[in-house]
Amino acid sequence: MRHLSVIFIILLCVLTLSCFQTPSEIKVEPSKIDIYDQGGTVNLRVTVTDKKGKVIAKAKPRFSVEDSSYASVDESGKLTARMSGKTEVKVDYKKVSASVPVNVTIVDVLKLDFPTAGIYEAMGPEKSTFKLNVTVKKENGEDVDLSILKFGSSNEKVASVDNEGELTLLGDGKAMISAFIGKKKATIEVPVTILRPSAVKVDVPRFSLSLGDTAYLPITIISTKGTPLVSFPVKVQFDKEGIATANENGQVTGIAKGTTNVTIFAGEASNTLTLTVK
């Protein structure tokens, strides 16, 4: 009887040892933490596995922060931001550990403004760009990299916006442009006027250049607002081919001696001058 008891105890120990799981790896999610609000929190999700990759369900890891002046962590893995700075949160279970980088950027000031005082409208040809002033500062007054911001436009048919606050003008109207990060958000209403060509003004009616030289045609594209349109693409036609070539910027190159009439088209507007290649 005593012999059977010893065998039973041995079997019980073997079974107990076979059920015991030795931790091999700790996985922490998210693998990188960014917090942008004072008191902002992130809940860590921790999985402890053994050498066979099986989850140790009853594992209770310990949490700690390398520098608690920037963030704190409680026993459940809840991380709370304190001030801007970089640190690490460490997760330990028995002899296994893992760490996750933590970047705290407390955004205290977030503003969007027009680039020039007194001008509260974005004007330009279709697909031209208009850069808003973006101010982002930490609680200590330091500037924040714009790359952490997200931007949005309320009307993509009027203006789209990239990740640095630069607008692409697409149509007449108004668009609400927003920048946001964490709980901070800034919004500005941007009226957009697309400047279209109303006239092609010829500054010098007879224009000449030497063979092989390159020059800009002496023209000014006038917008519907009566203002010059700078770098507006044009289409150039020659009455006589083979005397000069031209690109959409109005830049001509003399390739053979001769004289030709040159017609410049900008949108629906056009005008003509005479070009002589000497």
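Tally up the carbon and sulfur contribution to the accessible surface of the chain as a whole percent, 1.4 Å probe, everything protein left in place. About 51 percent, which is the carbon plus sulfur part of the accessible surface. Ordering T272, S231, G212 by the projection of their Cα atoms onto the charge dipole of segment 174-274, which places +1 on the Cβ of Lys and Arg and -1 on the Cβ of Asp and Glu, puts S231 at the extreme positive end. Heavy-atom accessible area, probed at 1.4 angstrom with all protein chains present, ranks F207, F180 as F180, F207, highest first.
Specify the angular offset, from 0 to 90 degrees and rounded to the nearest 10, of the alpha carbon long axis of helix 2-19 from the longest principal axis of the alpha carbons in the chain. On a 0 to 90 degree scale, this one is about 10. With a cut-off of 15 Å between beta carbons, the residues surrounding V190 carry a summed charge of -3, where Lys and Arg count +1 and Asp and Glu -1. Counting Lys and Arg as +1 and Asp and Glu as -1 over every other residue whose Cβ lies under 14 Å from the Cβ of T272, the net charge comes to +2. The largest accessible area among R62, R206 belongs to the first residue in R206, R62, and the rest follow in falling order (1.4 Å probe, all chains). Other residues with beta-carbon under 15 Å from the beta-carbon of P125 carry, at +1 per Lys or Arg and -1 per Asp or Glu, a net charge of -1.
For each pair in K157/K185; K78/K185; K157/K225; K78/K111, compute the distance between the two Cα atoms and list the pairs where it is over 27 Å.
Values: K157/K185 22 Å; K78/K185 25 Å; K157/K225 21 Å; K78/K111 31 Å.
Table pairs above 27 Å Cα-Cα are K78/K111.
Please report the spacing between the Cα centers of segment 86-162 and segment 205-245 in Å, no decimals. The two parts, judged by their Cα centres, are 42 Å apart. Take every Cα pair under 8 Å whose residues are at least 6 apart in sequence, average their separation, divide by the length of the chain, and the relative contact order is 12 percent. Among the listed pairs K127/K184; K137/K184; K32/K60, those with a Cα-Cα distance over 19 Å are K127/K184; K32/K60. Taking θ as phi - 60° and the Karplus parameters 6.51, -1.76 and 1.60, the scalar couplings of segment 110-126 work out to 9, 9, 10, 9, 6, x, 10, 4, x, 10, 10, 8, 9, 10, x, x, 4 Hz in sequence order, x denoting glycine and proline. For the pair K32 and K95, label points projected 7 Å from Cα toward Cβ lie 3.2 nm apart. Once all protein chains are placed together, D145 keeps about 100 Å² accessible to a 1.4 angstrom probe.
Each Lys and Arg Cβ is given +1 and each Asp and Glu Cβ -1; about its Cα centre, the chain then shows a dipole of about 1180 debye. Taking amide H atoms as placed 1.01 Å from N in the peptide plane, the amide H of E88 lies under 5 Å from those of E66, D67, V102, each 5 or more residues away in sequence or on another chain. Amide H contacts of K174: V192, each under 5 Å away and 5 or more positions distant or on a separate chain (H built 1.01 Å from N in the peptide plane; Pro and chain starts excluded). Along the axis of the charge dipole computed for segment 127-201 (Cβ charges of +1 for Lys and Arg, -1 for Asp and Glu, origin at the Cα centre), the listed residues N133, V144, V190 are led at the positive end by V190. Rounded to the nearest 20 debye, the dipole size of segment 83-209 about its Cα centre is 320 debye, using +1 on the Cβ of Lys and Arg and -1 on the Cβ of Asp and Glu.
Viscosity 0.890 mPa s, temperature 25 °C: give me the Stokes-Einstein translational D for segment 141-190 in µm²/s, with Rh taken as the Kirkwood radius over C-alpha pairs. In µm²/s, the coefficient rounds to 216. Using the Cβ-Cβ distance between D172 and N140 with R0 set to 45 Å, the FRET efficiency from 1/(1 + (r/R0)^6) comes to roughly 0.60. Charging the Cβ of each Asp and Glu at -1 and of each Lys and Arg at +1, and nothing else, the dipole of segment 22-166 about its Cα centre rounds to 1180 debye.
What fraction of the Cα pairs in the chain, stated in percent, has a spacing above 23 angstrom?
So the portion of pairs separated by more than 23 Å is 71 percent.
Among the GluC sites (Glu not before Pro) found in segment 138-179, those both in a DSSP coil and sparsely packed, with 11 or fewer other Cβ atoms within 10 Å of their Cβ, are E142. Solvent-accessible surface of segment 71-184, taken per residue with a 1.4 Å probe and all protein chains present: 54 Å².
The values are calculated or read from the model by the stated rules, or taken from the named source; none is laboratory data. Treat the numbers as computed from the prediction; the structure is a model and nothing was measured. Don't worry about glycine lacking a Cβ; one is built from the backbone with ideal geometry, like all the others, and counts go over all protein chains shown. Just the protein is used for accessible areas: all its heavy atoms, side chains included, with ligands, DNA and RNA removed. Shrake-Rupley method; radii C 1.70, N 1.55, O 1.52, S 1.80 Å.
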